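Structure, as structure tokens:
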Amino acid sequence: MELLFTSEKLKTQCKNVAAAKKLFHGDVALSISLLARINALENAHTLKDIIVQPAFHFHDLKNKKGRNLDGYFAIDVKSRREPWRIILQPLDEDENPYDPCNIDQIAGIVKIIEISEVSKHYE
């Protein structure tokens, strides 16, 4: 799959161990796991390849605190016990978000995703 990032800083954090370590306050295991997840996303043929793997815990995001998260999804950076998530949005072949974004219908054709953040989304 093709990955796009909302910023160069985010791209560096997702592709560089030292930058990831800084993001995770020195946690090497989380840093390595983030790079492994990004590698798995890049090597997936479509988004469905990620969705069907329980270890990623792919799930949709609910609107909260006035933030519209329709069409955004998350996967775990490491595990359910860790609060860190990779927030992503499926894009069509023109790099536009799907509207509406019915993931069950499009998962098998999505080949481009945008990573919008790596954060403790639920805190």
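Key figures
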| item | result |
| --- | --- |
| Answer residue from region 40-58, given it is of a type in the set (Gly, Ala, Ser) and assigned to a helix (DSSP H, G or I) and is modelled with the lowest pLDDT among those | ALA55 |
| Unique match (being at pLDDT below 95, in contact with a Phe, Trp or Tyr (Cβ under 6 Å, 6 or more places away or on another chain), within 20 Å of LYS120 (Cα to Cα) and open to solvent by less than 50 Å² (accessible area, probe 1.4 Å)) among LEU61, LEU30 | LEU61 |
| Single residue of region 71-106 satisfying the filter (outside any loop (DSSP other than H, G, I, E, B) and among the acidic types (Asp, Glu)) that is surrounded by the fewest Cβ atoms within 10 Å (Cβ to Cβ) | ASP104 |
| Filter pass, VAL110 being part of a loop (DSSP other than H, G, I, E, B), at pLDDT 95 or above and touching a Lys or Arg at 6+ places or on another chain (Cβ under 8 Å) | yes |
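To keep it simple, each residue is scored yes or no on (1) of a type outside the set (Phe, Trp, Tyr); (2) open to solvent by less than 80 Å² (accessible area, probe 1.4 Å); (3) in contact (Cβ under 8 Å) with a residue 24 or more places away in the chain.
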| position | (1), (2), (3) |
| --- | --- |
| ALA18 | yes, yes, no |
| HIS45 | yes, no, yes |
| PRO54 | yes, no, no |
| LEU69 | yes, yes, no |
| GLY108 | yes, yes, yes |
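The values are calculated or read from the model by the stated rules, or taken from the named source; none is laboratory data. Because the structure is predicted, anything quoted here is derived from the model rather than measured. Quick reminder, even Gly has a Cβ in these numbers, built from the backbone with ideal geometry, and neighbours come from all protein chains shown. Ligands, DNA and RNA are excluded from the accessible area calculation, which covers all protein heavy atoms including side chains. Shrake-Rupley method; radii C 1.70, N 1.55, O 1.52, S 1.80 Å.
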